[in-house]
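Notes follow once the structure below has been shown.
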Amino acid sequence: MSVPQPSVSRMTPEERRKHNLRLGVILATIALAFFVGIIAKAVLFGL
């Protein structure tokens, strides 16, 4: 079961920073995986 998250408007600046950092890392990982997939496709199957 997940723990209820506090509303963004009620978060302290420290909690907000941690939340934003986690979100940023998740989004950067998705973008990196997408980029690596495109490069691998180009290398394996040619441009």
For this session: Take the residues in region 28-47 that are open to solvent by 100 Å² or more (accessible area, probe 1.4 Å) and assigned to a helix (DSSP H, G or I), then tell me which one is nearest to Ser7 (Cα to Cα).
Result: Ile30
Problem set entry | Boolean, Arg17 is modelled with pLDDT of 95 or more and either open to solvent by 90 Å² or more (accessible area, probe 1.4 Å) or aromatic (Phe, Trp, Tyr) (or both) | yes
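The values are calculated or read from the model by the stated rules, or taken from the named source; none is laboratory data. Owing to the predicted nature of the structure, the values given are computational and were not obtained by experimental measurement. Accessible surface is based on the protein model in full, side chains and every heavy atom, while ligands, DNA and RNA are left aside. Shrake-Rupley method; radii C 1.70, N 1.55, O 1.52, S 1.80 Å.
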